[in-house]
Amino acid sequence: MEKLINANFENIIGATTGYSEIAYQFVSHILTLGYAIMLAGLFYFVLTIKNVAPKYRMSNLLSGVVMVSAFLLLFAQAGNWVTSFSYNQEAGK
């Protein structure tokens with residue numbers, strides 16, 4: 001039986017050849033692009049709230065909440081990605 005791997009590009013890149021500098025930078029830039037898009041979405045929903053009919057303004061507010069949570073999640077993942085490849089002298093890892 002074949003070994004199944006996670007269907008995400010980080011594991012596919014890392015499982016086939018190990019992480020090269022290009023693979024590391026690719027994943028890092030994708031995560032950065034993701035949280036930048038979420039921040040842009042947040043700005044869009046905040047800036048257009050006055051242009052929406054009053055009964056639909058709650059959708060802008062809730063969309064802003066979703067953008068904030070997605071931004072924070074992707075920002076944390078990007079930070080974890082960078083620190084995962086840093087050498088910690090105290091821990092020896």
Fill in: Distance between modelled label sites at A91 and V46, nm, 7 Å Cα→Cβ extension
3.3
Worksheet item: Convex hull over the Cα atoms of segment 37-85, averaged projected area in nm²?
Response: 3.1
Worksheet item: How do the peptides 53-60, 22-29, 35-42 rank, highest first, by the average count of neighbouring beta carbon atoms within 10 Å per residue?
Response: 35-42, 22-29, 53-60
Worksheet item: Given R₀ = 35 Å, FRET efficiency for L61-Q25 by Cβ-Cβ distance, to 0.05?
Response: 0.45
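Readers should treat all values here as calculations from the given coordinates under stated rules, not as data from a laboratory. This structure is a prediction, so every number in the text was calculated from the model and none was measured. Positions of Cβ are backbone-derived with ideal geometry, glycine not excepted, and every protein chain shown enters the neighbour counts.
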